[in-house]
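Engineer: This is the structure I have questions about; it appears just below.
The values are calculated or read from the model by the stated rules, or taken from the named source; none is laboratory data. None of these values were measured; they are calculated from a predicted model. Note that each Cβ is placed from the backbone with ideal geometry, even for glycine, and that neighbours are counted across all protein chains shown. For accessibility, only protein heavy atoms count, side chains too; no ligands or nucleic acids. Shrake-Rupley method; radii C 1.70, N 1.55, O 1.52, S 1.80 Å.
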Amino acid sequence: MPILYGERIILREYRKEDLPYIRKWVNNPEITKYLSNIFLYPHTLSDTERFLNGMLDGSSGIKGFVIAKKENEEYIGQIDFVKIDWVNRIGTLGIVIGNTELLGKGYGKDAIKLFQEFAFNRLNLHKLELEVRDYNYRAINCYKKCGFIEEGRIRQNFYIDGKYTDTLIMGILKSEWEEMNKK
């Protein structure tokens, strides 16, 4: 995949040297409490290496980018297609900012904007969709700023911190993205 350039960030390929950055967040509950159940148990170094090697050699079903600082290409997080339905032209998005000090600073929004342009203009996808926990207010607000709308709610399907929570399904159509980005 190409490197995508934004004002403050780039979306680039995964690299071996990303391993220590990924290791910093995969077992951090402040980050993983917003992600899927694959982070329910601690991730070993071997787990993380297996994921990264799958991204490097293309054996992973996931396709995507590292979110990196533009000035030095240092890892900030990642944004991926966790699934692409080529028949219906729908991409399912997954994103993580892997450093708590960088949360709420607009890096996720910048990455999603670049990712949307790639998905709609390069891959000719019709729609992007994602799932987000209803308690992840920061992410929900970011997604709304990027044009995603709530399309559905799966009630009480995720158990965390002693209670069941809802999962929101959000999406944006290419036509909605084009309308939002008219200059």
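Engineer: If you place +1 on the Cβ of every Lys and Arg, -1 on the Cβ of every Asp and Glu, and leave all else neutral, what size is the dipole of region 1-157 about its Cα centre, to the nearest 20 Debye?
Structural biologist: Numbers: 24 positive and 21 negative charges, 70 e Å.
The calculation lands at about 340 debye.
Engineer: The list (1) 44, 41, 33; (2) 55, 42, 30; (3) 44, 34, 32 gives values of Cα extents along the principal axes in Å, and only one came from this structure; which label was calculated from it?
Structural biologist: Answer by label: (1).
Engineer: From Cα pairs below 8 angstrom and at least 6 apart in sequence, can you work out the relative contact order of region 1-149, rounded to a whole percent? Each step should come with its number before you reach the end.
Structural biologist: Details: 216 pairs, mean separation 34.1, N = 149.
Computed value for region 1-149: 23 percent relative contact order.
Engineer: Related question: Sequence neighbours fewer than 8 away in the same chain don't count; with that in mind, list the aspartates and glutamates whose C-alpha is under 20 Å from Lys163.
Structural biologist: Glu30, Glu131, Asp134
Engineer: How large a share of the accessible area of the chain, in percent, is made up of carbon and sulfur atoms when the probe is 1.4 Å and the other protein chains stay in place? Write out the running numbers ahead of the final one.
Structural biologist: Values: 5070 of 10320 Å².
Roughly 49 percent, rounded to a whole number.
Engineer: Then there's this: I want to verify the translational diffusion coefficient of region 121-183 in µm²/s; compute it with Stokes-Einstein, Rh as the Kirkwood radius over Cα pairs, at 10 °C and 1.306 mPa s. Before the final figure, lay out the partial values.
Structural biologist: Working: Rh = 12.8 Å.
Here the translational diffusion coefficient equals 124 µm²/s.
Engineer: Treating cross-link reach as a plain straight distance, find the aspartates and glutamates whose alpha-carbon is under 17 Å from the alpha-carbon of Lys127, omitting any fewer than eight places away in the same chain.
Structural biologist: Asp80, Asp85, Glu117, Glu150, Glu151, Glu176, Glu178, Glu179
Engineer: Identify all lysines with a Cα-Cα distance to Lys69 below 23 Å; exclude those on the same chain that are fewer than 8 residues away in sequence.
Structural biologist: Cross-link targets: Lys16, Lys24, Lys105, Lys109, Lys113, Lys145.
Engineer: Oh, and also: For the chain, report the accessible area per residue in Å² (1.4 Å probe, heavy atoms, rounded to an integer).
Structural biologist: Numbers: 10320 Å² over 183 residues.
I get 56 Å² per residue for this part.
Engineer: Only sites in a loop by DSSP and with at most 10 other Cβ atoms within 10 Å count here; which chymotrypsin sites (Phe, Trp or Tyr not before Pro) in region 13-89 make the cut? Walk me through the numbers before you get to the answer.
Structural biologist: Values: sites: Tyr14, Tyr21, Trp25, Tyr34, Phe39, Phe51, Phe65, Tyr75, Phe81, Trp86; in loops: Tyr14, Tyr34, Trp86.
The qualifying sites are Trp86.
Engineer: Taking the Cα-to-Cβ direction at Lys70 and at Lys145 and moving 7 Å from each Cα, how far apart do the two end points lie in nm?
Structural biologist: For the pair Lys70/Lys145, the computed spacing is 1.6 nm.
Engineer: Could I have the simple spin-label model distance between Asp57 and Glu7, label points 7 Å from Cα toward Cβ, reported in nm to one decimal?
Structural biologist: About 4.1 nm separates the two model spin labels.
Engineer: Set the Förster distance to 41 Å, then compute FRET efficiency between Thr44 and Lys163 from the Cβ-Cβ distance, nearest 0.05. Don't skip to the answer; put the middle values down first.
Structural biologist: Numbers: r = 29 Å, r/R0 = 0.70.
That pair, Thr44 with Lys163, gives E of 0.90.
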